[in-house]
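For reference, the structure discussed in these notes is given below.
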Amino acid sequence: MVSCRAAWMVCLAGLMLTLAGCSDNSAELRLKVSPQQLTRVAQKIFQNECAGRIECLVHWNQGEAFPSLGIGHFIWYPAGVDGRFVESFPQLIAYMRDQSVTLPEWLADLRPFDAPWPDRQTFMAARDSDRVHSLRDVLQRTRSVQAGFLFERAQDSLARVLAAAPEDQRNAVRQRIVALSATPSGIYALMDYVNFKGEGLSPRETYQGEGWGLLQVLLAMRLADGDNAVIRFQNAAAKVLTRRARLASDPVEQKRWLAGWLARLQTYGASD
């Protein structure tokens with residue numbers, strides 16, 4: 001079993017990040033959450049991804065070329081699959097190893113570290129196997145560790161997103177991050193969106209040259225004095241995701257997925 005102390009070490013230390021790439025007169029930016037707040041955020045993300053269902057911790061969506069795992073539905077590609085989206089499950093497992101999590105033997109010894117099912121059909125045939133059960137069990141037992149990973153992933157993303165912003169907009173992007181990081185709902189929005197749609201830095205995560213990650217939302221966000229930063233973030237994210245669905249070659253994004261994406265954004269304003 002993993003130690004709760006290890007899982008929350010970064011929280012108790014303050015969970016702070018100094019962002020590089022800011023203007024010369026920029027101040028240090030810190031993200032802070034308590035262990036209790038992080039638990040609530042992780043539960044919300046689990047609810048967003050899985051509706052809180054344990055069986056969904058190991059899942060393969062119809063029409064996708066990869067399984068989605070854990071409370072954040074982290075992507076894991078099978079051998080030979082070079083997908084558009086950034087793979088995150090191997091990063092989670094590396095984080096778990098650092099936190100001294102005991103992994104199922106087959107998973108710990110897996111080389112190369114590719115999803116062991118080549119396609120959804122094979123996965124569905126194996127969904128009651130010992131491997132799937134042991135994987136679901138460790139992901140159920142380590143939800144607090146996954147919460148720490150989600151936080152660190154979002155935290156680390158902020159520096160990269162800020163550095164990638166156009167120089168003439170970097171200070172405005174930084175101000176938007178500062179405003180969002182000032183409240184638990186804003187921190188939840190940052191954490192969930194990075195996990196949900198990524199940083200927006202990979203040129204492969206674009207349709208017709210237009211991305212949909214955190215960077216694109218922050219660039220689209222408009223924030224004046226007195227504005228509610230989370231509401232402004234929601235509005236910008238809705239525009240970015242609507243554009244993604246409109247530009248997608250597969251009409252399923254606009255016909256089926258967009259409504260769910262927009263509903264997910266509405267949870268950001270109800271998290272404090």
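Computed from the coordinates by the stated procedures, all read-outs in this text should not be read as laboratory data. Everything numeric here is computed off the predicted structure, so don't read it as measured data. Don't worry about glycine lacking a Cβ; one is built from the backbone with ideal geometry, like all the others, and counts go over all protein chains shown.
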Low-density loop trypsin sites (Lys or Arg not before Pro), the range 105-162, at most 13 other Cβ within 10 Å, DSSP non-H/G/I/E/B, are none
FRET efficiency, 1/(1 + (r/R0)^6) with R0 41 Å, evaluated for ARG222 and LEU110 via beta carbons | 0.35
Who wins for biggest fluctuation among ASP128, ASP225, ASP119 in a Gaussian network model of the chain, springs between alpha carbons below 10 Å?
-> ASP225
Which of rounded, prolate, oblate describes the range 153-222, given a ≥ b ≥ c as roots of the alpha-carbon gyration tensor eigenvalues and a/c under 1.5 marking rounded, otherwise prolate only if a/b is larger than b/c?
-> oblate
Checked the range 196-272 with the C-alpha gyration tensor, a ≥ b ≥ c its square-rooted eigenvalues, rounded below a/c of 1.5, otherwise prolate if a/b is larger than b/c and oblate if not; verdict oblate
With only Lys, Arg, Asp and Glu charged, each at its Cβ (+1 for the first two, -1 for the last two), find how big the charge dipole of the range 165-272 is about the Cα centre; round to the nearest 20 debye.
-> 280
What residues qualify as long-range amide H neighbours of ALA115, i.e. H under 5 Å apart, gap of 5 or more or another chain, H built at 1.01 Å from N?
-> TYR77, ALA79
The simple spin-label model distance between GLN169 and ASN61, using points 7 Å out along Cα→Cβ, in nm, is 2.6
Candidates GLY211, GLY260, GLY83; GNM for the chain (alpha-carbon contacts under 10 Å) flags as most fluctuating GLY260
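Kindly state, to the nearest 0.05, the FRET efficiency for ASN235 paired with GLN91, given R0 = 30 Å and r defined as their beta-carbon distance.
Taking R0 as 30 Å, the efficiency between ASN235 and GLN91 is 0.50.
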Values of log10 I(q)/I(0), in the order q = 0.17, 0.18, 0.19, 0.23 Å⁻¹, for the range 96-217 under a Debye, Cα-only, solvent-free model = -0.99, -1.04, -1.08, -1.25
Relative contact order (%) - the chain, alpha-carbon pairs under 8 angstrom, separation at least six = 18
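Need the full-extension length gain, GLU152 to ASP128, defined as separation in residues times 0.36 nm minus the C-alpha distance. One decimal, nm.
So the extension gain works out to 5.4 nm.
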Semi-axes of the chain from the Cα gyration tensor (sqrt of 5 times each eigenvalue, largest first, whole Å) come to 30, 23, 17
Classify the range 34-154 as rounded, prolate or oblate from the Cα gyration tensor: take a ≥ b ≥ c as the square roots of its eigenvalues, call it rounded if a/c is under 1.5, otherwise prolate when a/b beats b/c and oblate if not.
-> prolate
For the range 142-176 and the range 226-272, what is the separation of their Cα centres, given in Å?
-> 19
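Which helices, taking whole DSSP H runs in the chain, have alpha carbons extending 20 angstrom or more along the helix axis plus mean Kyte-Doolittle at least -0.5?
Flagged H segments are 143-164, 229-247.
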